[in-house]
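Here is the structure we will look at, set down as structure tokens.
Read-outs: derived from the displayed coordinates by stated rules, not from any lab. Keep in mind that what you see is a predicted model, and the values were worked out from it rather than measured. Don't worry about glycine lacking a Cβ; one is built from the backbone with ideal geometry, like all the others, and counts go over all protein chains shown.
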């Protein structure tokens, strides 16, 4: 934590090479400790006037964050469940508290490649028993690239790397419903892209624990829930309209509960991150909401019970300043309607 705070302060104050190197070390420590994540640098014009992290605020952030070694009562050995997300806002001035995203394994790729090397296949084989022993957990497969090439190409390449790992794991007997791919492009580097060594280490994919796959729903009907209660959140990949298998499983489990309360109307609310124009995001959030609606209708939920609304990027769950925050904001929420 001390290393991470020191890096964040140095990064904001001077943004020089030593600060970038220190930040790279802090990112590794932060991802392992799962307590915070340095934000991108402020705009060039604002760097000279940037204010270091206030010590009192930093202490407050640390006090409110859940330690990496704490375990909820219902957690399984070796797996860390995600606590409540600490919202990111301007007060954190360079440090954003995030829920745990424990990294089980990292594999690396060659330049412009999504092929898994024999050595990295060996590493993935070592994680197969862990994934099988925790079959009720979701594992995010996070693909990354270096900064070579255009942003759109790197986004696609990182997605291909994530899907390559998923293909290998499913061939090894892991259920597709446990895994979902996310491509981060070049937005989440572990190392500086100024050197060939740093670029090679950024061409990677990670297996991350994100939480329980199918949490038990104690409710037997929806009639007692107040309007606005969120029943389920379905997340989407960048510019994507497909419901990932893991979220299909969540919807399938929710269907009997929804059908068992025929008098309750539901809102299907579409949301996006802040990438693109407002008009484009309105259209995208509507398409996602309608896809979820049609998925439920196809499984026997009456269409007249479902109302679609669109919010585009107006109601983010998390800060859009980080790639993880953007991923959380690309979603459809199923809520009890007024």
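Taking each residue as 0.36 nm, the span from residue 103 to residue 278 lengthens on full extension beyond its C-alpha to C-alpha distance by 59.6 nm.
What percent does the relative contact order of segment 139-199 come to when contacts are Cα pairs within less than 8 Å and at least six residues apart?
Value for segment 139-199: 46 percent.
Provide the FRET efficiency to the nearest 0.05 for the residue 112-residue 240 pair, computing r from the beta carbons and using R0 = 25 Å.
Working from the Cβ atoms, E equals 0.65.
Once you have a ≥ b ≥ c as the square roots of the Cα gyration tensor eigenvalues for segment 230-336, tell me rounded if a/c is under 1.5, and otherwise prolate or oblate according to whether a/b is larger than b/c. Cα axes put segment 230-336 in the prolate bin. In segment 230-336, Cα pairs under 8 Å separated by at least six residues give a relative contact order of 43 percent.
Here the extension length gained between residue 298 and residue 135 equals 56.0 nm, from 0.36 nm per residue of separation less the Cα-Cα distance. Kirkwood-type hydrodynamic radius, segment 103-212: 13.8 Å, calculated from all non-identical alpha-carbon pairs. Relative contact order of segment 103-212: 41 percent, from C-alpha pairs under 8 Å at least 6 residues apart in sequence.
Remark: spin-label model distance residue 314-residue 123 equals 4.4 nm, labels positioned 7 Å along the Cα→Cβ axis. In units of the rule-of-thumb radius 2.2 N^0.38 Å, segment 275-321 shows an alpha carbon radius of gyration of 1.35. With R₀ fixed at 45 Å, the C-beta to C-beta distance from residue 227 to residue 176 puts the FRET efficiency at about 0.80.
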